[in-house]
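See structure below.
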Amino acid sequence: MEKLYETFSKKGVAVVGINANKAEDVTMIAAHCKEHGFKFPVLKDRENKIADLYGALVTPETFVINPAGKLVYHGRIDDSRNIKKVTSNDLTDALEKLLSGKALTQAEARAFGCSIKRMSGD
Amino acid sequence: MTEIRFGRLVPLVLVLSWALACTGASAQSSRTDSVEVIPIDHRQLLDIIKHDSGNVVLVNAWATWCKPCKEEMPALLKLKRDFEKKGLRLILLSADDIDVLDTSVRPMLKQFGVTFPTYIMADSSEEVFLTSMNPKWTGAFALPTSFIFDRKGKLAETMVGGKKYETFKNILEKTMRWGVGP
């Protein structure tokens, strides 16, 4: 995500990380961001309200909103957790198309990851 | 489509929901051969479920990098102990990359005390696996996910996220009752 932020923030894309896991507090999140050198803002969704609003189930799950405020892409960053096996950079492709004014060919690509531990969950 | 408004008109990416629990690899260095982990694709898995006549089958998709999966594992192993004689078959299916089978998957199963054969996903993608287990599922593929098949091999429940023993127990008892009688 940091690499994506470095690339696309220069092109006018705002990147926001949101942590909705009930087991992780702001101190833990801040330490993690520092450790990994994240430069993009990270917010804490304390009661999963944002996750619920967007219907987010996993980490990571991305949502791209166009300048008109419309959700235009939802889903995975790419198609493999193993960087050597990535064949499809879905989020990058969506952003590049959006920035170049082209129509997005794919509005959704199923995300895969850990479930979000919600306040109301087991 | 959800619409939100911002003062600045720029494209926005929400990484929702990035989390610490999913970012740490759990790789360990020692090779452990004592735990049997069999590569399997969705066709082979569905075949096992279909031919496991009379049992309720719980397929749990998990991964070594998934903290909620690890937290849930003791409950699953207790379910196996408590319900196996009543007709439960527990299938643990790792969604890890097969490259980490020896370095992460087997050592973690050993840590959990698993001695029965388990499986690792050999499908071309997680998408292929998920849609074969539950063709109606439209959301993200969240780990852990448990698929409960009734005694006739029909999908009865898809349980997303880490669950407690009691939650599983209630669903299993209900599913086991369905399979009894004419």
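The values are calculated or read from the model by the stated rules, or taken from the named source; none is laboratory data. The shown structure was predicted, so the numbers you read here are calculated from the model rather than taken from an experiment. Positions of Cβ are backbone-derived with ideal geometry, glycine not excepted, and every protein chain shown enters the neighbour counts.
On the stretch given as the stretch A:96-122, residues that are over 30 Å from A:Asp25 (Cα atoms) and in contact (Cβ under 8 Å) with a residue 60 or more places away in the chain total 1. Taking the criterion of being β-branched (Val, Ile, Thr) and without any contact (Cβ under 8 Å) to a residue 60 or more places away in the chain, the residues of the stretch A:53-90 that qualify are A:Val58, A:Thr59, A:Thr62, A:Val64, A:Ile65, A:Val72, A:Ile83, A:Val86, A:Thr87.
The stretch B:103-182 holds strands (runs of 3 or more DSSP E) entirely within its bounds, and those carrying 1 or more residues that are buried (at least 16 other Cβ atoms within 10 Å of the Cβ) and away from chain A (no Cβ under 14 Å) map to B:118-121, B:145-149, B:155-160. Within the stretch A:2-10, the presence of a residue that is facing chain B (nearest Cβ under 10 Å) and closer than 24 Å to B:Val160 by Cβ is excluded.
Considering the stretch A:18-29, the residues that are modelled with pLDDT of 95 or more and more than 9 Å from chain B (Cβ to nearest Cβ) include one that is surrounded by the fewest Cβ atoms within 10 Å (Cβ to Cβ), namely A:Thr27.
Among the residues of the stretch B:113-149, those identified as over 30 Å from A:Asp52 (Cβ atoms) and touching a strand residue (DSSP E or B) at 6+ places or on another chain (Cβ under 9 Å) are B:Val114, B:Phe116, B:Pro117, B:Thr118, B:Tyr119, B:Ile120, B:Ala122, B:Asp123. Each residue in the stretch A:43-52 was checked for being free of Cβ contacts under 8 Å to residues at least 60 places away in the same chain and either facing chain B (nearest Cβ under 7 Å) or buried (at least 19 other Cβ atoms within 10 Å of the Cβ) (or both), and 2 pass. Looking only at the stretch A:63-122, residues that are more than 8 Å from every other protein chain (Cβ to nearest Cβ), part of a strand (DSSP E or B) and touching a helix residue (DSSP H, G or I) at 6+ places or on another chain (Cβ under 6 Å) come to 2 in all.
Conditions tested, residue by residue: (1) at pLDDT 95 or above; (2) of a type in the set (S, T, N, Q); (3) loosely packed, with under 12 Cβ neighbours inside 10 Å; (4) not in a strand (DSSP E or B).
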site	(1), (2), (3), (4)
B:Gly7	no, no, yes, yes
B:Ala27	no, no, no, yes
B:Ser30	no, yes, yes, yes
B:Leu45	yes, no, no, yes
B:Ala61	yes, no, no, no
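Could you check, for the stretch A:10-20, whether at least one of its residues is over 16 Å from the mean Cα position of the chain (by Cα) and on the phi > 0 side of the Ramachandran plot? Yes, that holds for at least one residue.
Given the criteria farther than 13 Å from A:Leu4 by Cβ and either surrounded by fewer than 21 Cβ atoms within 10 Å (Cβ to Cβ) or in contact with a strand residue (DSSP E or B) (Cβ under 8 Å, 6 or more places away or on another chain) (or both), does A:Ile116 qualify? Yes: the conditions hold for A:Ile116.
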